[in-house]
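Down below is the structure, laid out as structure tokens.
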Amino acid sequence: MSSSESEIEDVIRSDATTAGVAKAFNAVRAQTEKQYGIETKQLKPTDSLKVPEIECGRDYYEEALKLNQEVGSKYPSGSREQLEAVETAGEDTVASCFISTRTEINCKFKECEGSKRPKTLCICGPKKCKMGSDGLCDKEGSKDDEEDGSSSLFVLGTIINLTTFYLIASFF
């Protein structure tokens, strides 16, 4: 394990808060920026983003990996289409935190039976979807028409894999 991996794991173990998770994501983003030359924005904790209620039976990080694989299969060469698909399908999930242009993060934590650590769900914003009355994305007709550059699915996949490894390893 590299020193940066160890630092991220220590941050998550010692500080299971939104600020602690933001530090971990920011460390992964900084590493990705160095390694691939992709500009990433720093995430700052905020309470203005609404996080869906946590379901103890769901594996949010596994779902983000599955979304990444599905998007990669559907759009094998179109990084713009891949980014748009992740932004649309993953807006109220942890997948939103793997979009390099996001600048805000909010997390919920819930104690689940049989788990040593609280289940964590984080989303990142600002959201680009049409908001419903509950502050979450309205699933009907949420199409983004803003332009903000494209991103490589390979880099997106790498960020998802690194972050998933760090978060899962630290919670078990």
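Results, tabulated for the structure shown:
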{"item": "Segment 19-45: number of residues that are part of a loop (DSSP other than H, G, I, E, B) and at pLDDT 90 or above", "result": "3"}
{"item": "Residues that are assigned to a loop (DSSP other than H, G, I, E, B) and among the hydrophobic types (A, V, I, L, M, F, W, C), drawn from segment 46-97", "result": "L49, V51, I54, C56"}
{"item": "Matching residues, segment 102-125, being over 15 Å from the mean Cα position of the chain (by Cα) and part of a loop (DSSP other than H, G, I, E, B)", "result": "E111, C112, E113, G114, S115, K116, R117, P118"}
{"item": "Restricting segment 76-104 to residues that are touching a Ser or Thr at 6+ places or on another chain (Cβ under 6 Å) and crowded, with 16+ Cβ neighbours inside 10 Å, the residue that is modelled with the lowest pLDDT", "result": "S79"}
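The values are calculated or read from the model by the stated rules, or taken from the named source; none is laboratory data. Note that this is a predicted model, so its numbers are computed, not measured. Glycine gets a Cβ as well: all are built from the backbone with ideal geometry, and neighbour counts include every protein chain shown.
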